[in-house]
Structure formats: structure tokens, C-alpha cells
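The values are calculated or read from the model by the stated rules, or taken from the named source; none is laboratory data. Keep in mind the model is a prediction, meaning the values are calculated, not measured. Here the Cβ positions follow ideal geometry from the backbone for every residue, glycine too, while neighbour counts run over all protein chains shown. The protein model used for the area step is the full one, side chains on, heavy atoms only, and it has no ligands, DNA or RNA in it. Shrake-Rupley method; radii C 1.70, N 1.55, O 1.52, S 1.80 Å.
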Amino acid sequence: GVEPRWRSGNPVLTSQFLNSNSRYPLALDVDDHDPSGNAWRANYAFDTRGWWFQASHEDVAPGFRADLGFMGRVGYDMSLVGGGHTWFGEEGATFNRIGLSGDYDVTHRADGQLLERELEGQLTFNGPLQSNFGIHALGRERFWEGTLFDESYLHLYGNFTPRSGMQFGGDLRVGPQIDLQAARRGQGRFAEVWGELSLGVGYSLSIDLFRQDLLRDGGTAFAATVLDTRFGWQIDPRQRLRIAFQASRVEKDPALYEEPVNRHARDVGAQLIYSYKVNPRTALYAGGTIGGFLDDENPTLFASSRGVFLKLSYGWAP
């Protein structure tokens, strides 16, 4: 492979061209034991203080393999074009920055089948109390289980810092979406609230709570609630203690699924980590974890995992 790069002032053109030839043992159950193919991508970017623009295309043949690297899929091509503008407020203005951006992308399978066509836009504001909030809208066609579905949502989000060491935020997203397990479309809803606090010298606490559900065919196909709480204590410059607790609750309506599903499912987990820094390059970590779950077959909470660990990290200068 080769990776040419061209720059003339602000515009930058980057690209990558790859070829692979692979051979798999006959004992392996694969469709092609001698796959080969090309993969290439090109990206043009232009960026100034107030404007930005991007156009890219990538094409990966079905026979291309990157088994020693990371490539999530093969046999597709994707094109994207997008851009945006940022307005900066004068000193003392209510909003010191306003941004407007959007992009359009389309993805096809190697045989020409449309996999996704997506258009999205975003309007963001930076304002008082170090706040950042915005509106994000998306609409797309998505191919799933042999059918093209229409999906869209409106996403509202924001966060602010009322005082030093304290930050709060939230998200709200609504719109039609696919139930991937049932290959049916419904009305999705997502809500999240979170907060991060510094409690005096050396103490910190973060809480994240979100709920997601999908309504379709006259009922609630699923509803999921997740809680993630973390507490940290910087005992001194060398020692730190962290406690994390996570819990989830998933409810599904079996009548809305063709395959059997659990009506109720719960998961809980906790982790304790102690760290001691001997010097800037050497640290000791010790801790333990515990987890449990329950579902329709196990109606009472079952401790499914327990563990302890010890790790020594040492680095030295050459």
C-alpha cells in the first residue's frame, strides 16, 4: 500500500491505495480461500477559522482482506460531502460562538445495493456559564435484513458549568428508528442526564443516567434504563481510590417478537481500584469486581462474576 498526501496552503488532499492477496487453509469454512482485491480512499479538506469543507470517497473490494489490521467491513463504497461555518461573538456577547454544519453521505454494497443514504445537520451555541448546547437533525434510508427503512431523529443536547468543579448536561432524542432484532420500524425515544462534581480537595463524583425505549405495533417493544456512577478519592499525590457502580434494566414485550426474548433482565456490577504511583514511570494497581444478573429463567439476582486483580506497570528511559 501507499499513502500519498498533497498540501497547497490550506487545502489538504490525503489518500490511500492498498492491495491484498490472501490464502486460507482448505479446512476453514469460508466462501473464498484465495481472496484478493483493492481498497482505496481519498479525502479533500479545507479549513479556516470560520469555514470548513470536506469531500471523501472510499472503495473496498469484496476480496480485500486486512486481517492484521483493523477494517470493520469490505465490499462497499461510500461518498461523503460536508461543510460548516462558525460565527464568533464580540467580547461580552451572550453567545461567543455559533456553529452551523451538515453533511451528506451514501453507501452502496459492491453489487450496487444501497446500504445507507444519510443527510444530517447541526446548529450549536456556546454561551453563559461555559454552556454548550445544540440541535442535531438526521434523516436516512438504511438497508437492514433485505429491506430499506426510513429513519430520522431530532436530537437536543446541552451542558453547563454553574460553578468551578461542577458540570451538568442532558440529551433528548426522538424519531423513527429500526428495531434491529425484529427488523421492524418504530418510534424511538432516548433521554439522558449526567453530572460531574468535585467534592472538596481530592474527591470527585460522576453520575450518568439514561433511558431508551422503542414503541411499535401498538406496544413498547423494549425499554432500557442504565445507571453509571463513579466515585474517586485522590488520597495523596501517590495514592488514588476509585469505586464504580453500574446497573441496567431491560424490559421487552415477547408478543412483539417472533423469536423468544426475555421479558425482564437486570445487570449490576461494581468495581474497586486502588493505585499507588511509586514514581512517574512505575505504578501498582489492585482491586476487585463483582457482578450479577437476573432474567426470566433466573428471577432472583444471581452473582455471576467475582474477581480480584493485581497489576504492576514499570517503564524505564532508554
Report task. Compare Pro237, Pro254, Pro162 in a GNM of the chain, Cα atoms joined below 10 Å, and give the one with the largest fluctuation. Result -> Pro237
Report task. Taking all protein chains together and a probe of 1.4 Å, list Arg266, Arg184, Arg5 from the most accessible to the least accessible. Result -> Arg5, Arg184, Arg266
**Report entry** Val74 - accessible surface, heavy atoms, 1.4 Å probe, Å² rounded to 10
**Finding:** 60 Å²
Report task. Kindly report the accessible area of the range 163-318 per residue (heavy atoms of protein chains, probe 1.4 Å, no ligands, DNA or RNA), in Å². Result -> 64 Å²
Query raised in the report: Which order do His264, His85 take by accessible area at a 1.4 Å probe, largest first?
Result: His264, His85
Report summary line: Between Arg73 and Val201, Cβ-based FRET efficiency (R0 45 Å, step 0.05) works out to 0.40
Query raised in the report: Rounded to the nearest whole Å³, what is the per residue volume of the convex hull around the Cα atoms of the chain?
Result: 251 Å³
**Report entry** Glu145 paired with Ala303, simple spin-label distance in nm, labels 7 Å along Cα-to-beta-carbon
**Finding:** 3.9 nm
Query raised in the report: Who wins for biggest fluctuation among Arg73, Arg216, Arg281 in a Gaussian network model of the chain, springs between alpha carbons below 10 Å?
Result: Arg281
Query - Max mean-square fluctuation residue, GNM over the chain, Cα-Cα springs under 10 Å, options Arg242, Arg23, Arg163 - result: Arg23
Requested in this report: Quick one: order Phe64, Phe168 from most to least accessible surface, probe 1.4 Å.
Outcome: Phe168, Phe64
Requested in this report: In debye, nearest 20, what is the charge dipole magnitude of the chain about its Cα centre with +1 on Lys and Arg Cβ and -1 on Asp and Glu Cβ, if you could check?
Outcome: 1560 debye
Requested in this report: Just subtract the alpha-carbon distance of Val193 and Ala42 from 0.36 nm times their residue separation and send over the number in nm, one decimal.
Outcome: 50.5 nm
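Quote the relative contact order of the range 1-135 in percent (integer), defining contacts as alpha-carbon pairs under 8 Å separated by 6+ residues.
About 15 percent, as a whole number.
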Query - Computed over the chain: relative contact order in percent, which uses C-alpha pairs under 8 Å that are six or more apart - result: 6 percent
Report summary line: Expressed in square angstrom to the nearest 10, the accessible area of Leu199 with a 1.4 Å probe stands at 80 Å²
Requested in this report: For the range 1-62, calculate the relative contact order in percent as a whole number, restricting contacts to Cα pairs under 8 Å that are 6 or more residues apart.
Outcome: 29 percent
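Multiplying the sequence separation of Thr225 and Phe95 by 0.36 nm and subtracting their Cα-Cα distance, what value in nm do you get?
On the way: separation 130, 0.36 × 130 = 46.80 nm, distance 3.42 nm.
Between Thr225 and Phe95, full extension yields an extra 43.4 nm.
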Report summary line: For the range 123-272, the percent of accessible surface on carbon and sulfur atoms (probe 1.4 angstrom, ligands and nucleic acids excluded) is 57 percent
